[in-house]
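**Q** The structure follows.
The values are calculated or read from the model by the stated rules, or taken from the named source; none is laboratory data. The structure displayed is predicted, hence computed values, not measured ones. Glycine also receives a Cβ, built like all others from the backbone with ideal geometry; neighbour counts cover every protein chain displayed. Remember, those area values only see protein heavy atoms, side chains included, never the ligands or the DNA or RNA. Shrake-Rupley method; radii C 1.70, N 1.55, O 1.52, S 1.80 Å.
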Amino acid sequence: MNVIFIGPPGSGKGTMAARIVKRYEMMHISTGDMLRENMRAGTDLGKLAQGYIDKGQLVPDAVIIGMVEKKLLESYGGALFDGFPRTESQATALLKITDIDAVIELEAPLELVTARMLTRKVCRKCGKVFSTKLYKDNFCDECGGELYHRSDDEIETIKARYMVYLETLGNIKKVFEERHLLYTVDADDTVDSIEKKITEILDRKLV
Ligand code: AMP
């Protein structure tokens, strides 16, 4: 099964993806994580991405599509795409490379995602997301990696990222609506409730 998560930054895509890939044994393909790995490693791709990410802008389609194509060569079983596609041309490119079974849209207003992102920390090693309101430690409870606050999780960049998301959302949704693949889930809920709503959708795809 191949699934896409779309949703504004801070809507819980990463948190949900971690749970869903475990449950259905899928490969987690997060373009944001892949770009951050490249930035940490100081690759040419990372250096190019940094400028866009710091401004809350999208990295060019050709770079992203090439990166995902390469990743899919090592894919096994199903894949969960998190933060990709973010433009109509990424969406159509993906549909040419692979079949998609469901697209889950996590819907969340700007006020909610801003509050979440200003208080979120991410594990440097495994990417697990924490809220500093609920988790006081500086190290990941799964892998022991150090937690950090993302440099693009600042108020102005959050707003810019949200606006960029809204600009492209309509076109992306149209691509998947036409194929009857789109399911919208209210992300202003508890993690467990959101997971339940998503698994109900995905379980129906498996029968
Ligand atoms: P994320 O971790 O998904 O919030 O992504 C962080 C940043 O990486 C975004 O604000 C973009 O600058 C860049 N990025 C991640 N995924 C994509 C994508 N599919 N297309 C273009 N830029 C992306």
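**Q** Ignoring solvent entirely, what values of log10 I(q)/I(0) come out of the Debye formula for region 41-182 at 0.09, 0.15, 0.16, 0.17 Å⁻¹ when each Cα is a single scatterer?
**A** -0.33, -0.96, -1.09, -1.22
**Q** Highest mean first, what order results for 92-98, 63-69 on Cβ atoms within 10 Å? Walk me through the intermediate numbers first.
**A** On the way: 92-98: 14.6, 63-69: 18.3.
Top of the packing list down: 63-69, 92-98.
**Q** Let me ask another. With +1 on each Lys and Arg Cβ and -1 on each Asp and Glu Cβ, how big is the dipole of region 11-87 about its Cα centre, in debye rounded to the nearest 20?
**A** Working: 11 positive and 9 negative charges, 52 e Å.
It comes to approximately 260 debye.
**Q** Provide the percentage of antiparallel DSSP beta bridges, counting only those with both residues in region 60-207; round to the nearest 5. Please list the in-between numbers first.
**A** Numbers: 6 of 11 bridges.
Once the DSSP bridges in region 60-207 are tallied, antiparallel ones form about 55 percent.
**Q** Plugging the Kirkwood radius over Cα pairs into Stokes-Einstein for region 29-76, at a temperature of 10 °C and a viscosity of 1.306 mPa s, what D comes out in µm²/s? Could you put the intermediate results ahead of the total?
**A** Values: Rh = 10.9 Å.
The calculation lands on 145 µm²/s.
**Q** Could I ask something else about it? With a 1.4 Å probe and every protein chain left in place, work out the accessible area per residue of the chain in Å², rounded to a whole number.
**A** That works out to 51 Å² for each residue.
**Q** In the chain, what percent of the accessible surface is made up of carbon and sulfur (1.4 Å probe, ligands and nucleic acids excluded)? Walk me through the intermediate numbers first.
**A** Details: 5420 of 10540 Å².
Result for the chain: 51 percent of the exposed heavy-atom area is carbon or sulfur.
**Q** Here's a follow-up. Based on a Kirkwood Rh over C-alpha pairs, give the Stokes-Einstein translational diffusion coefficient of region 1-125 at 4 °C and viscosity 1.567 mPa s in µm²/s. Mind dumping the intermediate values first?
**A** Working: Rh = 15.2 Å.
The calculation lands on 85 µm²/s.
**Q** Moving to a separate point now. Between residue 78 and residues 5 or more places away or on another chain, which pairs have amide H atoms under 5 Å apart, with H built 1.01 Å from N, and which residues are they?
**A** Correct list: 27.
**Q** Run the Debye formula on the Cα coordinates of region 95-174, all scatterers equal and no solvent, and tell me log10 I(q)/I(0) at q = 0.16 1/Å.
**A** With no solvent term, the Cα-only Debye profile gives -0.78.
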